[in-house]
Each structure stands twice: as C-alpha cells, then as structure tokens.
Amino acid sequence: MKKIEYAIVDIETTGGNAGGSRITEIAILIHDGTKVIERWETLVNPEKEIPVPIFALTGIDNALVRHAPIFADIAEDVWRLLNGRVFVAHNVNFDYSFVRHQLGEAGYQWNARKLCTVRAARKIRPGLRSYSLGALCQSLDIPVENRHRAGGDADATAILFTRLLEWDAEGHIGTMIKKTAQDQRLPPNLPPEDFERLPERSGVYYFHNEAKKVVYVGKAINIRKRVASHFTGHSVTPQRQHFLRDIHGISFEVCGTELMALLLECAEIRKLWPAYNRALKRFEPKFGLFVYEARNGYRYLGVGKVSRQQRPVQVFYNEFEAVHVLRELAVRFGIDLRFCAFGLQEEPVTFPKESMPDRETHNRSVDEALDSLSVEQPSFAIVDKGRSADEKSCIWVENGTFYGMGYVSSDIGFTEPSEVRDHVTPYHSNPYVMQLVHSYAAKYPGKVYR
C-alpha cells in the first residue's frame, strides 16, 4: 500500500472569507507520518489592499508583498505539493476554502481529504482549556516562532501533528481521514458526539456557540439528515464560514409532526432571535390596521406600518391587503371614509362641526367593524400523531388566532373541539403561523375538528 503523506498548510489572508479575501502568504510542509520531509513557503501578492488590522496581526503590509508572485504564478507548485496528500491545518476548513477557491480560479480543480488538528486534538487530548493553536502550544510545550505568519504557524502545527500521531493509541486520525468519515465535513468546534446522537426523526434542532447561546434554530423532517446538509458543499461566503466556526454544540427536540416542528421553530426563533436566523424575518407583517381616538372623541381607523410602539388590531403582509380590508369594513358598516386614514397621521383631519356624523353612532359602527374581525374567524383543533404511539399532538386555533400546541396521552378523548384548549401550551400567534396552520388544515381536513 502507498504510504499516506500529509500536506500541513497555513496561510495568511486579507480577510476572513475566501470569496472576498485573498491569500498573502502560504506555507506547505510535507509530512510522511513521522517527520517533515519537505518545506515550501512564499509571500503572495493578493492584488488588493491589505487592511490595517491584518497588518497589525501579521506584520504583512502592501509594501512587503508588492514584488511577491501572484497566486496564479505559484498555483502549479501549490497543486503539485497538495495533490494526492491529506490536507492538514488548524481549523482546516478556513485554509482549505481559500486554497481550493484560488486554485480553482487558476484553473486547477482540486479536492482532498482533510484533517483538522483542532478536532484531532480534542479527540486525542480531551479536557484542555482551549484548542486554539496558541493555547495548545502553551499547554503542550510546543515551541512557536513567527506567530501569525504562515511559516511559523505551519511549523507549530507540524510539531502538534507529529505528537498527535504519537499519542493516537486509538487510531482516531486514521478514522478521521477516511473519505466517508463524518470528520471530513463537521465544523471544527463541534463535538462529534453531538452529531452522532441526532435522531432521524421530525423535530427542531439548535446550534449553540462557545458561550452555549443558541445562534441558529431549524426544523427538519429528518433532524440528522438536515443538520448534515448544513456542513456539505464548499461555499466561501463570509456568512457561511462565520456560521460554521460558531457552532460548538447541537441540541434538539423531537416533534410528532412536521407542522409541530414548523410551529415550534417559529416560536423559538421569535423567543431567541438567533444571530443566523434570517429567513423568517421576511415573513414578518409590515402593515397593520390601527384604531385610535381623537381629542374630539371620534374613533378613527388607519392603515400604517407596524412598529413596536403601537399595537395593531390586525396585521398584513402588504399595504394593499390592509387598505382593501379597511375599505370593505367602511362600506359594510357605514363608516364615513373621512374617518379612515390610509397611512397613519399624527393629527386626524378635522371637519366642520355641522357635517360630522353622530359621534356615538359612528363609534358604535367602528366597534362593530372591529368585533367582526375576530368573531367571524373560526375556532378549531388539529389532532395528529404524537412523538410516540401512546400520545397525540394537538393544536388549538381560537377565533382565527393560533392559541397553542402540545401533546396528550392517546387514550384521552375529546367530546368537543374546545376541550383541546385545556391541554396545550399557549404560544404567540402571527400571520406566518396561521398561514402554516391553514395550509396544513386544507391539506389534511380529516385531522381538523370544528
């Protein structure tokens, strides 16, 4: 069998993501599984300005790289050194994404097995205070020179790697570098056991950062499969790279149905507002129907943008929908359009006293219009399968508003749909939640009880 060789790599860059930043220095050390047998390093002209904070960290400035080769000029050497070898780096996905991206730009299609010395150190030497390169060098008494330069960090990583090979009595490294190994795609700071205990069931999963704070909430029909999909591909956007580096743990909650998972996901996002959840924000209603009373005692209805300072009677995704509902209410309940503001005003329009309608009659019409918005909305329950054979999931909608959800024993029978209300946990409702509920009810009418 051909002996495995390793390419230990470290790079310096102009920024934190391969899509918008460039390599300024690269060092590659070839390791035969016992020792370093070849060493190569060079500065690289990134063909763009080096930010001051990067210069402060690395000491590499524009003048230092002005006469260095551009990456296209060294791409063949880089490809030759890496091709057919295991790519080793500390936080490997960072270095790998840059090298792969810039090799691709130079016309070299390259993929390699990867080994992250952060992940390897966590497995082989668990329980250390920190697994950053600097902390490991201090904890394990590894000499390091030229810190935050490609050559110096690559030399330190090579010493760390050599020691990990010596200490690896359980064969972790051999398992990690297999093409089918989970470690080939898991984020560097994620304990493998967190992934291994994920179920292949419907539910909600949570990504936690180093401080145990939830940074992302997702739902899935198959939690394990969906979580794994986050770690596939080679996207070089800064958002993805920051996202993967921030994942230090995963937790989950199994749900009985996809709908229960969707509703729990929405509730948790609204409660936690995780840093990387952006998709649901586009479902937030932008406009609302408001009611307010002027100093003259008359009640006004108005359409305006939703804000935290004012509570709308009803919310809408767009202004046209809100205006349409307001006009329908005005016609149906005989409300003078002069008391309907299509866009909130700080001061209502005033009219001559003799032309004003009777105030009590007018206000009563406004109240009736508002009451119709809730009274005419249906109340119903959705009863479906639970998380196990001995329970059922249940959802209660009251007057057109999502009231809550929960699980009950499968031997509990309901004589009236409203009895479900006593068995659910209340949750906040919003138009997106009701859209999910109505869509599910329309798709599965046999599970709806009115």
Query raised in the report: Do you know which residues across region 123-157 are in contact (Cβ under 8 Å) with a residue 60 or more places away in the chain and within 34 Å of the chain's Cα centre (by Cα)?
Result: K123, H148, R149, A150, D153, A154, T157
Query raised in the report: Are any residues in region 122-131 open to solvent by 60 Å² or more (accessible area, probe 1.4 Å) and not in a helix (DSSP H, G or I), and if so, which ones?
Result: R125, P126, G127, R129
Query raised in the report: Just checking, how many residues over region 179-196 are part of a loop (DSSP other than H, G, I, E, B) and either open to solvent by less than 30 Å² (accessible area, probe 1.4 Å) or in contact (Cβ under 8 Å) with a residue 24 or more places away in the chain (or both)?
Result: 9
Report task. Can you work out which of the residues in region 1-21 that are touching a Gly at 6+ places or on another chain (Cβ under 8 Å) and within 18 Å of A68 (Cβ to Cβ) is modelled with the lowest pLDDT? Result -> S21
Report task. Return yes or no: is L136 at pLDDT 95 or above, open to solvent by less than 10 Å² (accessible area, probe 1.4 Å) and not small (G, A, S)? Result -> no
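Which residue out of R80, R149, R85, R119 is closer than 26 Å to F231 by Cβ and open to solvent by 40 Å² or more (accessible area, probe 1.4 Å)? If you could, list the steps in order and put the result at the bottom.
Details: R80 fails: closer than 26 Å to F231 by Cβ; R149 fails: closer than 26 Å to F231 by Cβ; R119 fails: open to solvent by 40 Å² or more (accessible area, probe 1.4 Å).
It is R85.
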Query raised in the report: How many residues does region 424-435 hold that are at pLDDT 90 or above and either open to solvent by less than 70 Å² (accessible area, probe 1.4 Å) or of a type in the set (A, V, I, L, M, F, W, C) (or both)?
Result: 1
Query raised in the report: Given the conditions (1) touching a Ser or Thr at 6+ places or on another chain (Cβ under 6 Å); (2) surrounded by fewer than 16 Cβ atoms within 10 Å (Cβ to Cβ); (3) in contact (Cβ under 8 Å) with a residue 60 or more places away in the chain, and given that D390 satisfies all but one, which numbered condition is not satisfied?
Result: (3)
Query raised in the report: Looking only at residues in region 94-112 that are of a type in the set (D, E, K, R) and farther than 10 Å from L82 by Cβ, which one is least open to solvent (accessible area, probe 1.4 Å)?
Result: D95
Report task. Exactly one condition in (1) part of a helix (DSSP H, G or I); (2) open to solvent by 60 Å² or more (accessible area, probe 1.4 Å) is not met by L165; state its number. Result -> (2)
Report task. Quickly run through region 197-217 and pick out the residues that are assigned to a loop (DSSP other than H, G, I, E, B) and either small (G, A, S) or under 16 Å from the mean Cα position of the chain (by Cα) (or both). Result -> S202, N209, E210, A211, K212, K213
Query - When residues of region 37-57 are limited to those that are of a type in the set (A, V, I, L, M) and touching a helix residue (DSSP H, G or I) at 6+ places or on another chain (Cβ under 7 Å), the one surrounded by the most Cβ atoms within 10 Å (Cβ to Cβ) - result: V44
Requested in this report: Determine, yes or no, whether T34 is open to solvent by less than 50 Å² (accessible area, probe 1.4 Å) and either in contact with a Ser or Thr (Cβ under 8 Å, 6 or more places away or on another chain) or polar (S, T, N, Q) (or both).
Outcome: no
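Residues checked against (1) over 36 Å from the mean Cα position of the chain (by Cα); (2) open to solvent by 60 Å² or more (accessible area, probe 1.4 Å):
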| position | (1), (2) |
| --- | --- |
| D371 | yes, yes |
| R421 | no, yes |
| Y440 | no, no |
| Y444 | no, yes |
Requested in this report: Show the residue pairs that are 6+ apart or on different chains and have beta-carbon atoms under 9 Å apart, the first residue being within region 42-71 and under 26 Å from G134 (Cβ atoms) and among the hydroxyl-bearing types (S, T, Y), the second being assigned to a loop (DSSP other than H, G, I, E, B) and open to solvent by less than 50 Å² (accessible area, probe 1.4 Å).
Outcome: T42/A68; T42/P69; T58/I50
Report summary line: Within region 373-387, residues of a type in the set (D, E) and open to solvent by less than 60 Å² (accessible area, probe 1.4 Å) come out as D384
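The values are calculated or read from the model by the stated rules, or taken from the named source; none is laboratory data. Please read all numbers here as calculations on a predicted model, not as lab measurements. So basically every Cβ, Gly included, is an ideal-geometry build from the backbone, and we count neighbours across all protein chains shown. To get the accessible areas, we keep the full protein, side chains included, count just its heavy atoms, and leave off ligands, DNA and RNA. Shrake-Rupley method; radii C 1.70, N 1.55, O 1.52, S 1.80 Å.
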